[in-house]
Each structure stands twice: as C-alpha cells, then as structure tokens.
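*Asks:* To start, I am sharing the structure in question, which I have written as structure tokens.
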Amino acid sequence: MQVARDAVVLIHYTLKNDAGEVLDSSVGHEPLAYLQGRGGIIAGLEEALEGKVAGDKLLATIPPEKGYGVKDPSLVQQVPRRAFQGDVRAGMQFTASTEAGPRTVVVTRVQGDMVTIDGNHALAGETLHFDVEVTEVRVASEEELAHGHVHGPGGHHHH
C-alpha cells in the first residue's frame, strides 16, 4: 500500500539541521504514526512521503516555508524586565497569551532592564533534513478518520 491521504503511516526518522546536528529522532523509540494529509506532521515531509511504501528510505530536505515557517520579526519583542516574576535569563521559555492564543516564547537576551523575547518556533527559518524510513502503511480505521489522528502505538504524538 502506498502513502496517500488518510493512510496511517509509521515512520522512523532522524531530523538534522544544516550544520548536521541531530535535533530529533525516533530511532530507539516507537516509530511515529500519523495520518497522511491531515496536518499531523509538517507539509514538506507529507509531500516527500506521498506515494512511498513500507521499506522505503528517503532523505528529505525541507525549506522553512514547508517546515516551521520563516522567522517572523514581529514575534521578536522587547519587554521590560519587571514584566517577569523572579529571575529571568536567556534560554528560559514562557507561555505568553497572545491574540492568536497561547504561544511559547523564548528569552533570547537580557540587557539591563530590557528582555528580548522571541515567539517564533524554535525551528523557524531552518532548513530541515529528514532521514526517514517508512516502516508501515495501513488503512485507517473509521474511528481514526473521524478523530483525525492515529490510535494505539505510535499515535497521539504531537510534534
């Protein structure tokens, strides 16, 4: 069976950045299971997997536009240090409430009384290099289709 919309696909993957650093990997864990065409994984990876069958291996290079987006400068803001309770330092993450709902922001710089926060996804602007092996492709159950995600082993992961 080929990977096509609404098929359940199980993959093992290793994700690297342009520098070759491993950012994420399923190797040594359960494979990742997702429903093709439902937005459960980034668009570029769905496209690369379309038409593949169990046993296929591929290297997919995904530009930011089809990954986690390009960096949005408007999501980088400076806020006064007094807006934070307690200690604040670079690398700390917070959940900020925004007009678009809750968003994770990372403190990128603390300088004097000003704190720079960045609401971009950590991988925004990055070209992603996926080394993927398709381990299984199967028909989704009625329930899986109704819920829009995979049930059972490997399901319910949100990346």
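The values are calculated or read from the model by the stated rules, or taken from the named source; none is laboratory data. A quick note: this is a predicted structure, and the numbers were derived from the prediction, not measured. Quick reminder, even Gly has a Cβ in these numbers, built from the backbone with ideal geometry, and neighbours come from all protein chains shown.
*Asks:* Restricting the search to region 87-127, which residues are under 28 Å from Glu21 (Cα atoms), of a type outside the set (Val, Ile, Thr) and in contact with a Lys or Arg (Cβ under 8 Å, 6 or more places away or on another chain)?
*Replies:* Listed by number, the residues that qualify are Ala90, Gly119, Asn120, Ala124, Gly125.
*Asks:* Same structure, new question: Scan region 83-90 and tell me whether some residue there is touching a residue at least 24 places away in the same chain (Cβ under 8 Å), outside the structural domain of Tyr34 (by TED's automatic domain parsing), out of contact with any helix residue (DSSP H, G or I) (no Cβ under 7 Å at 6 or more places or on another chain) and assigned to a loop (DSSP other than H, G, I, E, B).
*Replies:* So far as region 83-90 goes, yes, one or more of its residues are touching a residue at least 24 places away in the same chain (Cβ under 8 Å), outside the structural domain of Tyr34 (by TED's automatic domain parsing), out of contact with any helix residue (DSSP H, G or I) (no Cβ under 7 Å at 6 or more places or on another chain) and assigned to a loop (DSSP other than H, G, I, E, B).
*Asks:* Restricting the first residue to region 1-13 and requiring it to be charged (D, E, K, R), which pairs with a second residue that is surrounded by fewer than 18 Cβ atoms within 10 Å (Cβ to Cβ) meet a Cβ separation below 9 Å and a spacing of at least six or different chains?
*Replies:* Arg5/Gly37; Arg5/Arg38; Arg5/Glu50; Asp6/Gly37; Asp6/Arg38; Asp6/Val139; Asp6/Leu145
*Asks:* Right, here's the next one. Return the only residue of Thr61, Thr95 being exposed (fewer than 15 other Cβ atoms within 10 Å of the Cβ), part of a strand (DSSP E or B) and touching a helix residue (DSSP H, G or I) at 6+ places or on another chain (Cβ under 9 Å). Quick ask: steps written out before the conclusion?
*Replies:* On the way: Thr95 fails: touching a helix residue (DSSP H, G or I) at 6+ places or on another chain (Cβ under 9 Å).
When all the criteria are applied, what remains is Thr61.
*Asks:* Further, regarding this structure: Here are some residues: Phe84, Phe94. Which one is among the aromatic types (Phe, Trp, Tyr) and closer than 30 Å to His29 by Cβ?
*Replies:* Phe94
*Asks:* For region 116-133, give me each residue that is within 12 Å of Gly91 (Cβ to Cβ) and surrounded by 18 or more Cβ atoms within 10 Å (Cβ to Cβ).
*Replies:* Ile117, Asp118 - these are the residues of region 116-133 that are within 12 Å of Gly91 (Cβ to Cβ) and surrounded by 18 or more Cβ atoms within 10 Å (Cβ to Cβ).
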